[in-house]
């Protein structure tokens with residue numbers, strides 16, 4: 001017997017030692033860790049009594065989400081379990097079974113679906129809950145209008161879809177709701193206004209009630225807007241245009257500001273008006289936009305509302321667009337290397353230009369404004385095909401250049417041979433012999449025959465002129 005007991009003790013001791021060795025080995029391979037789980041665990045409410053609502057006793061909120069996010073759990077688990085844990089593997093539960101409408105401090109129970117996880121502690125351990133009777137009540141939606149429709153218009157009764165909403169929640173709060181309303185703002189509207197608006201719940205003191213639910217939370221509101229009798233919003237059209245723009249220009253458009261006008265007059269006349277015409281506008285010789293104030297042609301007994309019977313008319317005048325072909329005989333070469341020459345075939349191109357007619361006419365008179373360039377940068381001696389380009393021209397686009405490729409030949413310029421400088425021998429200047437001046441012959445003084453015998457007068461002898469010496 002003693003032998004059996006001794007053998008049994010030995011076997012038990014061996015088993016305990018083996019178990020200890022296994023535990024130590026297992027712990028070394030997958031060690032146990034005790035720590036706070038890093039993520040909050042949500043709390044789930046079960047068995048909530050019928051016809052009751054849960055109110056957070058501390059915050060008077062209709063939800064406990066703020067509290068549930070603060071549940072902290074301390075656990076002990078193998079490292080392998082820690083690595084695979086998620087908040088969904090925990091269950092934090094508050095059981096309200098059998099509780100009455102009142103204030104309660106309900107315990108929170110926490111468990112894990114991973115059996116290797118041991119729950120050590122959690123905070124908070126309980127949740128303060130307030131149960132209140134549930135209440136539901138219907139309210140007709142009221143519409144509060146702000147602002148005004150446009151002059152000459154009037155709004156009708158608001159149409160709300162759906163017309164009623166249901167308010168539910170704790171009886172103490174639902175009973176405080178006095179009305180469900182929406183605000184609609186009008187800003188000189190001329191057509192029906194349709195809005196989707198959030199419902200606002202107000203108490204008797206016009207305070208907003210937020211701790212209840214409303215279904216639906218928003219409604220569609222339509223405000224019918226119509227024109228008053230005797231008023232009419234009419235479009236404005238331009239009257240006759242007198243004359244023609246300057247040669248090479250055309251009238252490209254018209255704008256009228258404002259484009260409509262509110263009219264007031266006898267309904268029998270107002271209802272027949274489909275549009276209002278302006279007075280005529282003279283565009284004779286125009287080569288730029290015309291902006292002018294023009295009177296409206298109003299039927300007798302009809303007047304404008306809120307403004308003078310004038311509008312601003314803008315007549316857009318633009319140059320007529322066209323294209324011309326010009327022959328350019330002067331090609332320009334760019335980037336030709338030193339001591340290189342070039343020949344082009346053909347050396348004449350046709351340039352097709354498009355743009356305003358006045359500008360084309362000006363360019364055609366000054367052909368030198370057109371620069372057709374061949375870029376020879378980096379090209380060596382030989383034959384090349386070059387695409388010509390035209391330097392940009394103001395208001396004019398280059399539609400095409402014909403031909404689109406010009407064949408050019410680059411060659412080396414010959415080295416010039418020096419020419420000796422010729423110095424001329426001076427020719428002696430001959431001495432000019434002066435020509436003598438002819439001595440004038442003295443003029444004979446006629447003898448005057450007296451009627452009576454006068455005393456004889458001596459006639460002086462003229463002095464001969466000296467001969468000058470030529471110099």
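Counting only strands (runs of 3 or more DSSP E) that sit wholly inside segment 302-344, those with at least 1 residues that are in contact with a helix residue (DSSP H, G or I) (Cβ under 9 Å, 6 or more places away or on another chain) are 310-319, 321-328. Of the residues contained in segment 157-170, none is found to be closer than 17 Å to residue 136 by Cα, part of a helix (DSSP H, G or I) and modelled with pLDDT under 95. Residue-level analysis places residue 368 among those that are exposed (fewer than 13 other Cβ atoms within 10 Å of the Cβ), modelled with pLDDT under 90 and part of a helix (DSSP H, G or I).
Per-residue answers, yes or no, for (1) surrounded by fewer than 16 Cβ atoms within 10 Å (Cβ to Cβ); (2) more than 36 Å from the chain's Cα centre (by Cα); (3) at negative phi; (4) touching a residue at least 40 places away in the same chain (Cβ under 8 Å):
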position: 200; (1), (2), (3), (4): no, yes, yes, no
position: 206; (1), (2), (3), (4): yes, yes, no, no
position: 218; (1), (2), (3), (4): yes, no, yes, no
position: 224; (1), (2), (3), (4): yes, no, yes, yes
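Where residues in segment 260-287 are part of a strand (DSSP E or B) and touching a helix residue (DSSP H, G or I) at 6+ places or on another chain (Cβ under 9 Å), which of them is nearest to residue 320 (Cα to Cα)? Out of the qualifying residues, it is 263.
Here is a yes/no grid of residues against (1) under 30 Å from residue 264 (Cα atoms); (2) free of Cβ contacts under 8 Å to residues at least 60 places away in the same chain; (3) part of a strand (DSSP E or B):
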| residue | (1), (2), (3) |
| --- | --- |
| 77 | no, yes, yes |
| 80 | no, yes, no |
| 128 | no, no, yes |
| 147 | yes, yes, yes |
| 154 | yes, no, yes |
| 181 | no, yes, yes |
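Answer yes or no as to whether residue 362 is over 28 Å from residue 318 (Cβ atoms) and not assigned by the TED database to the domain that holds residue 247.
Values: over 28 Å from residue 318 (Cβ atoms): no; not assigned by the TED database to the domain that holds residue 247: yes.
In short, no.
The values are calculated or read from the model by the stated rules, or taken from the named source; none is laboratory data. Just so you know, these numbers come straight off a predicted model, no measurement behind them. Glycine gets a Cβ as well: all are built from the backbone with ideal geometry, and neighbour counts include every protein chain shown.
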